[in-house]
1. Report in % the part of the accessible area of the protein assembly as shown that belongs to carbon and sulfur, leaving out ligands and nucleic acids; probe 1.4 Å.
2. Estimate for me the total accessible surface buried between chains A and B (protein heavy atoms, probe 1.4 Å, no ligands or nucleic acids), in Å² to the nearest 100.
3. Which values, in whole Å and largest first, are the semi-axes of the equivalent ellipsoid of the range A:203-261 obtained as the square root of 5 times each eigenvalue of the Cα gyration tensor?
4. Cα-based Rg of the range A:365-445 per 2.2 N^0.38 Å, rounded to two decimals?
5. Taking only DSSP H segments of four or more residues, each worth -39500 (n - 2.57), what value at 222 nm results for chain A once the sum is divided by all its residues, to the nearest 500 deg cm²/dmol?
6. Enter the accessible area per residue of the range B:102-248 (Å², integer; probe 1.4 Å; all protein chains in place).
7. Take the Cα atoms of the range A:1-129, build their convex hull, and give its volume per residue in Å³.
8. Using 31 Å as the Cα-Cα cut-off, could you pick out the over-long pairs in A:Lys444/A:Lys512; A:Lys229/A:Lys299; A:Lys304/A:Lys383?
Amino acid sequence: MKAFADLYAALDATTKTNEKIAAMSQYFRSAPSEDIAWAVHFLIGRRPKRLIPTRDLVEWAIQEAEMPDWMFGECYQAVGDLAETIALLLPAANASSQKPLRYWVEERLLPMRDWDDRARRNSMIEAWREMSERQRFAWNKLITGEFRVGVSQNLVVRALAEASGVEANVLAHRLMGDWQPTAGFAAQILAQETADADVSRPYPFCLAYPLEGEVEELGDVRAWQIEWKWDGIRSQLIRRAWRTFLWSRGEELMTDRFPELAAAGALLPEGTVLDGEVLPWKDGAPLPFTQMQRRIGRKELGTKILAEVPVVLVAFDLLEHGGRDVREQPLDWRRAELERILGALGEESHLVASPIVGGASWEDLKRTRGQARERGVEGFMLKRRGSIYRVGRRRGDWWKWKINPYSVDAVLIYAQPGNGRRASLFTDYTFGVWDGGELVPFAKAYSGLTDEEIRQVDAFVRNNTIEKFGPVRRVKPELVFELAFEAIQRSSRHRSGIAVRFPRMARWRTDKTAEQADSLETIRALLPREP
Amino acid sequence: MAEPVENLLERNSHGLYCAAGGFYVDPWNPVDCAVITHAHADHVVPGSKAYLCVRPCTPLLRLRLGAEAAIESVDYGETIERNGVRVSFHPAGHILGSAQVRIEHRGETFVVSGDYKLAPDPTCPAFEPVRCHTFVTESTFGLPVFRWPVPAEVLGEMNEWWRANQQAGKASVLFAYPLGKAQRVLAGIDPSIGPIYTHGAVEQFNRIYRDSGVALPPTAYARSAPTKTDWTRALILAPPMAKASPWLRRFGDFSTGLASGWMRIRGTRRRQSIDRGFVLSDHADWPALLAAVRASQARTVWVTHGYRAPLARWLAENGSDAHAIETRYEESAAVEAVEAEP
């Protein structure tokens with residue numbers, strides 16, 4: 001636990017990528033395999049199911065610290081992170097655990113599942129007493145699962161590559177899918193030979209950056225394959241060893257949730273992997289994403305919902321063909337093979353090839369892009385002809401060229417403190433728009449301001465609070481922000497009757513007064529026509 | 001026994017006011033007579049007709065107020081009378097010339113702590129508990145999550161960081177509040193590691209510290225250093241506000257550190273975008289606040305700036321007659337306080 005807690009502290013102490021990689025690589029070189037497996041597991045953001053309710057954890061910590069309940073609340077508000085608040089609040093540490101990470105996870109954390117409250121409490125308190133403050137913090141992080149330390153899967157892969165000498169692409173692939181953090185697995189990750197066996201394992205997704213600058217800078221339009229950019233669940237459909245697996249980009253296995261795709265997968269040739277977007281789809285066109293949310297939320301999928309919200313996989317790439325990794329083949333070749341495979345499935349299939357959009361010039365495409373909203377897509381994907389399928393987010397071959405978001409001027413009406421890096425600053429805002437002389441809450445937004453602007457808004461909130469409800473402040477309606485968002489829908493769950501997707505602050509409209517903000521009426525005009 | 005004077009001290013729109021004595025303690029507006037606990041900018045407002053402070057505070061106050069200001073001073077422990085009210089100054093352990101102000105009138109005593117700490121600091125005399133009826137305490141770090149590591153260990157970490165930067169060929173830029181914190185670091189860090197340079201804001205106070213007899217290692221003013229200076233072995237002490245300034249460019253490749261009690265909180269530390277946070281504060285941490293309140297044996301406690309509500313509530317729940325007293329700088333955000341934490 002000492003080495004792991006030190007690694008966590010080292011990662012936390014720097015914002016520099018190279019230093020993070022160096023810290024991890026050093027850990028991977030020196031830690032035992034069974035610790036490495038667990039460290040990788042946590043660093044790439046996996047976590048065991050929550051074994052202890054937060055409420056209990058806090059309760060035990062304040063008992064151990066001999067603090068009243070309200071004091072925990074005060075401290076948490078100042079610190080902004082549960083695991084850290086507990087680590088700081090516990091009585092001063094005078095021990096340090098020499099036991100390995102594997103011991104703490106396998107013999108102390110996971111068994112809690114089977115213990116009663118008393119045993120859990122005693123075990124937790126003993127654990128805290130055995131650890132240094134730094135270890136307590138890392139341990140609490142493992143338990144609360146908020147393991148954010150500014151490390152992406154990509155960085156972990158680079159550190160593993162540096163420590164083992166295995167190529168990063170191979171490592172990235174080995175870390176995909178449904179593996180268990182055992183010593184055996186750690187040995188497999190770092191193995192030099194590369195014949196990998198897991199049949200369910202997806203490939204790392206190739207991701208696009210938003211287009212920078214003008215589209216004309218990409219050169220000749222004929223060098224690019226243009227597709228619509230769909231607003232669905234990015235997924236890989238895998239058919240191997242006569243079994244079908246559907247993985248989301250969040251590496252969640254979703255096969256059971258989309259029985260139509262599981263069935264469709266069975267019709268694919270052996271050794272096929274498709275990349276695409278799962279979309280709610282009817283009569284050859286996507287349904288609004290809110291329909292998909294209805295379906296995602298359910299445990300049981302009745303025949304009614306399956307009939308109302310059918311899904312398809314709109315496939316746009318072929319990663320494995322005949323059991324062979326074809327990611328290094330040029331895009332045009334992969335596309336042709338994809339069309340051939342899907343063409344053989346027939347009209348009624350739930351697997352659809354994402355259509356290629358034609359355009360003789362960028363001007364042409366700009367006009368077509370105007371139809372995006374009507375078509376229920378977010379814009380275009382631009383893919384360089386002849387390019388290979390890359391790992392992760394890269395500049396150059398894939399670009400997303402989104403349509404301009406909707407925007408609305410709204411007034412800041414409520415604020416509350418943020419988490420983590422933004423603890424003890426008011427960074428989470430609720431915005432209102434006018435409705436008959438009254439400001440009604442319309443959207444919440446957290447992102448889009450610079451640190452300097454956040455500081456200014458924070459000062460405004462502190463000096464202009466009208467009312468407090470717990471951590472939430474109602475403020476004088478004075479500041480106006482331009483909010484941007486991607487989609488707009490009717491909603492019975494929101495007081496404004498409207499739900500928007502991905503709202504964020506595009507601009508602080510210091511030139512506008514609250515009276516000049518938009519009204520609900522003008523926003524309603526943006527809604528799609530009633531079906 | 002004389003009637004206790006209920007309002008020997010009151011808080012009005014200019015600050016803490018002693019009506020019987022006709023003076024304020026650390027007023028935030030110009031007044032006739034200002035009694036000053038210490039020379040940090042948030043405790044000293046220019047423009048008052050007369051100032052009273054403890055002797056070692058005088059040169060610092062003079063620097064803030066200019067040659068014209070009327071400053072009277074007395075020694076620690078010496079009593080001076082103002083309209084029959086007895087006033088004396090007692091070490092607060094915060095910075096050079098910091099004091100708790102004891103006010104006594106008709107058998108009633110108040111002690112206004114100003115800012116204070118209990119941890120050892122070679123640059124000023126240690127905090128001295130003073131018994132009183134009412135203790136006015138600060139609460140900058142009035143939450144139990146604020147618990148300071150041993151200062152010697154923190155200084156040891158600074159030495160290590162400095163050495164590691166030297167090996168990596170980087171200058172070490174350490175941000176610290178220019179009055180008090182910077183000198184405490186200087187007095188505690190290992191000067192044999194390499195040369196120490198300072199920002200002008202730090203150097204002006206170094207001069208006063210040295211003139212007052214505080215031993216500090218040699219420092220050089222960074223701006224006067226020759227253009228070809230090799231900074232990679234140097235420690236550079238600068239005020240936090242220099243963080244975003246082009247002044248830093250001269251140092252080439254450098255690592256940044258910040259010495260502040262706020263570095264105890266990860267979120268605050270990360271928000272500062274510095275490479276290293278050192279938990280070193282000139283304020284009392286939670287255990288020290290409780291210890292100071294206990295040592296004063298006061299039956300009433302006034303809690304001012306910082307986390308006053310939680311500290312007052314804690315004290316009240318543990319048997320003190322404690323009150324949170326609003327001060328002018330309401331709810332200064334932690335992020336501003338990093339700059340302001342004197």
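1. Working: 18350 of 37440 Å².
Answer for the protein assembly as shown is 49 percent, counting heavy atoms of protein chains only.
2. Working: alone 25600 and 14600 Å², together 37440 Å².
Buried surface at the A/B interface: approximately 2800 Å².
3. Numbers: eigenvalues 208, 32, 23 Å².
Over the Cα atoms of the range A:203-261, the ellipsoid semi-axes are 32, 13, 11 Å.
4. Values: Rg = 19.6 Å, N = 81, 2.2 N^0.38 = 11.7 Å.
The value comes to 1.68.
5. Working: 19 runs with 184 residues, N = 531.
-10000 deg cm²/dmol, from helical runs alone.
6. Numbers: 5590 Å² over 147 residues.
That works out to 38 Å² per residue.
7. Working: hull volume 15.4 nm³, N = 129.
Considering the Cα atoms of the range A:1-129, their hull volume per residue is 120 Å³.
8. Working: A:Lys444/A:Lys512 20 Å; A:Lys229/A:Lys299 29 Å; A:Lys304/A:Lys383 38 Å.
Where the Cα-Cα span goes over 31 Å, the pairs concerned are A:Lys304/A:Lys383.
The values are calculated or read from the model by the stated rules, or taken from the named source; none is laboratory data. Here the structure is a predicted model, which means the values were calculated and not measured. Counting neighbours? That spans all protein chains shown, and the Cβs are built from the backbone with ideal geometry, glycine included. To get the accessible areas, we keep the full protein, side chains included, count just its heavy atoms, and leave off ligands, DNA and RNA. Shrake-Rupley method; radii C 1.70, N 1.55, O 1.52, S 1.80 Å.
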